[in-house]
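Take a look at the structure set out below.
The numbers here are math on the coordinates, done by the rules we state, and not lab data. Just so it is clear, the structure is predicted and the values come from calculations on it, not from any experiment. Cβ placement follows ideal geometry from the backbone for every residue including glycine, while neighbour counts extend to all protein chains displayed.
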Amino acid sequence: MLKHWWKALTVLILTYVFVAGLMSPVPRLPILHEAIRNAFFHPPLWIAMMAMLLASAVYAIRYLRKGKPNDDLMSVELANTAILFGILGCITGSVWAYFAWGDLWPNDPKTNGVAVAMLMYLAYFVLRGSFDDEMRKARISAIYNIFAFAVFIPLIFIIPRLTDSLHPGNGGNPGFNQYDADSSIKNIIRPAFIGFTLLGFWITQLRVRLRRLEINLDELEESTKSVADRSAEVQDTTSL
């Protein structure tokens with residue numbers, strides 16, 4: 001049980017974040033009003049997504065160096081979970097944008113950069129599905145994964161800072177720390193960053209275990225089929 005302490009911590013943190021995030025008093029800020037509660041969910045989802053994309057790229061590098069199938073498995077499942085969190089981030093961001101800026105998807109360099117980045121990672125999964133050879137699939141997709149993460153960083157962090165942007169900390173706007181300076185925000189959003197990131201790695205761990213079971217079952221079916229084929233050949237030879 002001791003090795004699962006971080007899972008219990010994840011449940012406790014997220015329970016606190018959801019309850020406190022929806023029920024605790026928040027500062028009455030212009031334009032945002034009650035929509036400021038989305039700060040407890042939208043930014044933490046993006047932080048968790050970026051942490052998993054970074055880990056996915058690290059495992060891709062490890063696979064290219066050592067060639068271990070487990071590194072490729074970890075890399076692809078981390079990317080899978082990151083895309084899930086990215087979709088949730090887009091949904092929460094669209095809801096927030098609608099109430100703050102009057103548009104579900106404003107023409108903003110950061111939101112557009114996110115869309116491009118998501119499409120790049122969706123192309124990563126299409127690329128993996130286009131190869132039958134496992135080693136070739138793992139190697140080429142690992143190279144693409146590293147390239148996609150290298151492009152992701154300027155799309156999200158650099159380009160929006162060089163142009164006009166609605167997002168805090170970009171295009172001359174004040175940073176997000178103007179919101180979390182208030183203790184009612186800070187005491188919830190900071191645990192949320194940890195909780196959602198831990199949740200992402202927990203989901204990834206479950207996906208990896210499921211994939212390993214699927215691989216073992218496939219290998220068992222192939223070995224059983226091979227034994228059955230050899231038995232059939234022996235029976236045919238004996239009957240002759």
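Using a ≥ b ≥ c from the Cα gyration tensor of the range 1-94 (square roots of the eigenvalues), is it rounded, prolate or oblate, where a/c under 1.5 gives rounded and otherwise the larger of a/b and b/c decides, a/b for prolate?
oblate
Using +1 on the beta carbon of Lys and Arg, -1 on that of Asp and Glu, and nothing else charged, what's the dipole of the range 70-146 about the Cα centre, debye to 20?
For the range 70-146, the charge dipole is close to 120 debye.
Under a cut-off of 28 Å between alpha-carbon atoms, report the lysines in cross-link reach of K68, not counting same-chain residues fewer than 8 places apart.
K3, K7, K137, K225
How high is the FRET efficiency from W202 to S130, r the C-beta distance, R0 22 Å, rounded to 0.05?
My answer for the efficiency is 0.15.
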